[in-house]
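For reference, the structure discussed in these notes is given below.
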């Protein structure tokens, strides 16, 4: 039996929206904290990719955002079976997947967020395999009933933004040209109904076993974090 569909949360009444309420006859207005979630597709805990994502999240937290980090390598995400059962239901809700794993919980967290960080190093010119597995499971956001033209994305624009982070042993300039990592992360963001708020490409990233981030990268990461929390 398939798990129930989960309707997408309304942008009304979410974190970051302005609320007014009456108390003792006096109207009060307050701003709830935005929620930013980072999806980390690196195999190395506390490596360059996770370090960059942490800088972004800390900057967002400085602006009052609530932050969370999900390491895909520590999550149980099964392969997409390409059965297309999740694409048969029509409507804006994501389709129900036949796999029973951690993906539903991760997607619930993403749908409740106001901003995303999607991060993966380059592996063999593209994203890591664990990131690609996550991306393939986003097919549940496509509507493609049998016998009908498609696929069509269920989400066009949820009003949220995503920062895309990747790294490569190549210098940044040729890395942007000759690798596919940023393109894969951008498609994932679009499938999730998010518009890119900026990209961070960390070049010359695998030259030593343990490597610090250059100051210019740290500064840009902070700016991206501030932008997500804005």
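Residue by residue through segment 32-67, note down the ones that are within 15 Å of residue 206 (Cβ to Cβ) and touching a strand residue (DSSP E or B) at 6+ places or on another chain (Cβ under 6 Å). Within segment 32-67, 48, 49, 50, 52 meet the criteria. For segment 127-144, does any single residue satisfy the condition of being over 20 Å from residue 197 (Cα atoms), in a loop (DSSP other than H, G, I, E, B) and touching a residue at least 12 places away in the same chain (Cβ under 8 Å)? Scanning segment 127-144 turns up at least one residue that is over 20 Å from residue 197 (Cα atoms), in a loop (DSSP other than H, G, I, E, B) and touching a residue at least 12 places away in the same chain (Cβ under 8 Å).
The residue list 197, 173, 216, 189 contains one member that is closer than 12 Å to residue 117 by Cα and assigned to a helix (DSSP H, G or I), which is 189. For segment 127-156, the tally of residues that are touching a helix residue (DSSP H, G or I) at 6+ places or on another chain (Cβ under 6 Å) and over 15 Å from residue 190 (Cα atoms) stands at 3.
Candidates 188, 197: the one that is more than 19 Å from residue 126 (Cα to Cα) and touching a helix residue (DSSP H, G or I) at 6+ places or on another chain (Cβ under 6 Å) is 197.
Every residue, every condition in (1) touching a strand residue (DSSP E or B) at 6+ places or on another chain (Cβ under 6 Å); (2) surrounded by 23 or more Cβ atoms within 10 Å (Cβ to Cβ), yes or no:
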site	(1), (2)
131	no, yes
154	yes, no
158	no, no
165	yes, yes
170	no, no
196	yes, no
200	yes, yes
207	no, no
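Residue by residue, here is whether (1) surrounded by 13 or more Cβ atoms within 10 Å (Cβ to Cβ); (2) at pLDDT 95 or above; (3) not in a strand (DSSP E or B) holds:
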residue	(1), (2), (3)
10	no, no, yes
14	yes, no, yes
22	no, no, no
37	yes, yes, no
50	yes, yes, yes
53	yes, yes, yes
60	yes, yes, yes
80	yes, yes, yes
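Determine if segment 89-102 includes at least one residue that is closer than 14 Å to residue 192 by Cβ, surrounded by 18 or more Cβ atoms within 10 Å (Cβ to Cβ) and within 14 Å of the chain's Cα centre (by Cα). Within segment 89-102, none of the residues are closer than 14 Å to residue 192 by Cβ, surrounded by 18 or more Cβ atoms within 10 Å (Cβ to Cβ) and within 14 Å of the chain's Cα centre (by Cα).
Residue check: is residue 126 closer than 20 Å to residue 162 by Cβ, modelled with pLDDT of 95 or more and loosely packed, with under 15 Cβ neighbours inside 10 Å?
Taking the combined requirement at face value, the residue does not satisfy it.
The values are calculated or read from the model by the stated rules, or taken from the named source; none is laboratory data. From a predicted model like this one, the values you see are computed outputs, not experimental measurements. FYI the Cβ positions are ideal-geometry reconstructions off the backbone, even for glycines, and counts take in every protein chain you see.
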